[in-house]
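First comes the structure, then the notes that go with it.
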Amino acid sequence: MKNRIDQCFQALKGQSRKALIPFVTAGDPDPDWSVTIMHELVSAGADILELGVPFSDPMADGPVIQLASERAIARGVTLRTVLGCVAEFRREDPVTPVVLMGYMNPVERYGYASFARDAAAAGVDGLLMVDCPPEEMDELSGFLAKENIYPICLLAPTTTPERMQSIATGAHGYLYYVSFKGITGADRLQQADIVAPLEEIRKHSDLPVAVGFGIKDAQTAALVGRVADAVVIGSALVQTLAVATSREEAGRLARGFLAPVRAAMDNGAA
């Protein structure tokens, strides 16, 4: 059986469209609203969902996502809670890929074999571990492979061509290019900043390349979508959702934020 991520990018290629990948922190602003937010993002044009696993020391994240993690943890959200959200989402949506993004500690505490088994049962398609280089994921990757879950690899402006080749050799699904040397939510990305790095990455891999960090609005997403295969937008969305006071408002905010991004990408990525 093909991984949903492969199926998604294959379908998008046939439509000459770029993938829109919103990131939200599971359990924020309220654990009971997460599945509603996920469905609303899909209805607004999301192709793949990145679901952040709250962690107490999110070293790669800026203040917006750090605060979202803190709020979710304060409400009792754990990795098991996140898998429950994915399972509930899957009851109505068997198609949209879901990638968990987080840090190794919660997965290690859960247990590699148990996590891979339960994640697959919930309907997880990919796992992106921010603080774990590929060569340190060998044991976990083995369990993920048995369950057809892809480890998503990160590349950065500091990644050398030799390192790119090494990472690309074992990569699956898509490559995630972190466009800034810094934390999430920083600065604002310019299209010119990523043209040369994407050209270099594509010398080493045929996988789709997603670009994240610094994409804050529809205009930037459209510009990035002209040269990348996928656009990841996170901090600006998480900040928008933070003010929601009800499930209905959270869903409306999610849809209202993402729909213009999708429209701009479809109009500007040709």
If I go through the stretch 216-236 residue by residue, how many of them are more than 18 Å from residue 68 (Cα to Cα) and outside any strand (DSSP E or B)? 13
Matching residues in the stretch 98-115 - criterion: being part of a loop (DSSP other than H, G, I, E, B) and more than 17 Å from the chain's Cα centre (by Cα): 111
If residue 149 meets every condition in (1) at pLDDT below 95; (2) out of contact with any Ser or Thr (no Cβ under 7 Å at 6 or more places or on another chain) apart from one, which number is that one? (1)
Test residue 26 against the criterion of being small (Gly, Ala, Ser), in contact (Cβ under 8 Å) with a residue 40 or more places away in the chain and touching a Leu at 6+ places or on another chain (Cβ under 9 Å), and give yes or no. yes
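Here is a yes/no grid of residues against (1) in a helix (DSSP H, G or I); (2) more than 19 Å from the chain's Cα centre (by Cα); (3) at pLDDT 95 or above; (4) closer than 16 Å to residue 36 by Cβ:
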| site | (1), (2), (3), (4) |
| --- | --- |
| 211 | no, no, yes, no |
| 214 | no, no, no, no |
| 238 | yes, no, yes, yes |
| 249 | yes, yes, yes, yes |
| 265 | yes, no, yes, no |
Would the stretch 19-26 turn up any residue that is within 16 Å of the chain's Cα centre (by Cα), polar (S, T, N, Q), surrounded by 19 or more Cβ atoms within 10 Å (Cβ to Cβ) and not in a helix (DSSP H, G or I)? yes
Any idea which residue in the stretch 198-239 is nearest to residue 258 (Cα to Cα), counting only those that are surrounded by fewer than 24 Cβ atoms within 10 Å (Cβ to Cβ) and of a type in the set (Val, Ile, Thr)? 220
Which of the residues belonging to the stretch 116-139 are over 20 Å from residue 35 (Cβ atoms) and under 19 Å from the mean Cα position of the chain (by Cα)? 116, 128, 129, 130, 131, 132, 133, 134, 137
Pick from the stretch 116-136, criterion assigned to a helix (DSSP H, G or I) and among the aliphatic types (A, V, I, L, M), ranking: farthest from residue 86 (Cα to Cα): 116
Within the stretch 67-84, the residues that are of a type outside the set (Gly, Ala, Ser) and buried (at least 21 other Cβ atoms within 10 Å of the Cβ) are 77, 79, 82, 83
Residues that are outside any strand (DSSP E or B) and either within 21 Å of residue 177 (Cβ to Cβ) or under 17 Å from the mean Cα position of the chain (by Cα) (or both), drawn from the stretch 145-160: 149, 152, 156, 157, 158, 159, 160
Pair list, Cβ under 6 Å, 6 or more apart: the stretch 193-215 residue under 20 Å from residue 234 (Cβ atoms) and of a type outside the set (A, V, I, L, M), other residue modelled with pLDDT under 95 and not in a loop (DSSP other than H, G, I, E, B): 213/178
Output for the stretch 233-242, where each listed residue is among the hydrophobic types (A, V, I, L, M, F, W, C) and touching a Pro at 6+ places or on another chain (Cβ under 8 Å): 233, 237, 241, 242
Taking the stretch 16-67 only, how many residues are among the small types (Gly, Ala, Ser) and under 18 Å from residue 84 (Cα atoms)? 4
Working carefully through the options 92, 139, find the one that is part of a helix (DSSP H, G or I) and of a type in the set (Asp, Glu). 139
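The values are calculated or read from the model by the stated rules, or taken from the named source; none is laboratory data. Computed from a predicted model, the values in this text were never measured in an experiment. No Cβ is skipped: glycine too gets one built from the backbone with ideal geometry, and neighbour counts run over all protein chains shown.
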